[in-house]
Amino acid sequence: MMLRWLTQRADTSRKAEELYGSVVTAARQPAFYESLDVPDTPEGRFELVALHLFLALEVLRGKGTAAEGLVRRTIEAFVIDMDDCMREMGVGDLTVPKKVKRAAAAFYERAASYRRALAEAGSPDRGWPELTKALHGHVYGGSAEREDDAAALAVYMQAASTALSDHAFDVFVNDGLASRLLASATAKRKVSTT
């Protein structure tokens, strides 16, 4: 019995690391930084990881005990990654735990904000105003010049959320669906700004 529990725990940890790897892969797509002008800074990269982590974990909500375990382990992988990144950036050992705690709190804040925004009755015609507003504030710091970028990012995020109701997150990333949705959102942005 104990051996089965340890095997299941190890299997869940492996799946969580793979899922988190897919989250990071999705967040590193160059078009976010080149076409949608997400700041290519530690903060901008954090925002995209948080966005994709939210998308990956949201699909698992309410799917039972095994899914809850996967969510917990994936969040642990995120926290470990934040810790490692901060240490690599030279953040002092005494400061790292506080900053990691803040990063985790920021993720939960964004997850709640994105969940509310995606739940609103939106449509492509309305442009998901609450989601655009949330992304504009979190990802672009409220910059007036980035409103169109936030709207395009909202199109991507909403399309990704819809696609993930039919696809596992790793399939969504590895099969290129994330890239295609991002390309479509950036193309719509170019049309709307010309």
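The values are calculated or read from the model by the stated rules, or taken from the named source; none is laboratory data. Keep in mind the model is a prediction, meaning the values are calculated, not measured. FYI the Cβ positions are ideal-geometry reconstructions off the backbone, even for glycines, and counts take in every protein chain you see.
Quick one: which helices (runs of 4 or more DSSP H) sit completely within the stretch 40-123 and have at least 3 residues that are without any contact (Cβ under 8 Å) to a residue 40 or more places away in the chain, surrounded by 11 or more Cβ atoms within 10 Å (Cβ to Cβ) and acidic (Asp, Glu)?
65-88
Restricting the stretch 130-156 to residues that are of a type outside the set (S, T, N, Q) and touching a His at 6+ places or on another chain (Cβ under 9 Å), the residue that is surrounded by the fewest Cβ atoms within 10 Å (Cβ to Cβ) is GLY142. Being over 13 Å from MET157 (Cα atoms), in contact with a Lys or Arg (Cβ under 7 Å, 6 or more places away or on another chain) and not hydroxyl-bearing (Ser, Thr, Tyr) is a property that does not hold for LEU60.
Scanning the stretch 136-155 for residues that are without any contact (Cβ under 8 Å) to a residue 40 or more places away in the chain and assigned to a helix (DSSP H, G or I) yields HIS136, GLY137, ALA144, GLU145, GLU147, ALA150, ALA154, VAL155. Put simply, of ALA56, ALA10 the only residue that is out of contact with any Asp or Glu (no Cβ under 6 Å at 6 or more places or on another chain) and at pLDDT 95 or above is ALA56. I'd like to check something: does the stretch 36-50 contain any residue that is over 19 Å from VAL173 (Cβ atoms) and among the aromatic types (Phe, Trp, Tyr)? Among the residues of the stretch 36-50, not one is over 19 Å from VAL173 (Cβ atoms) and among the aromatic types (Phe, Trp, Tyr), which makes the answer no.
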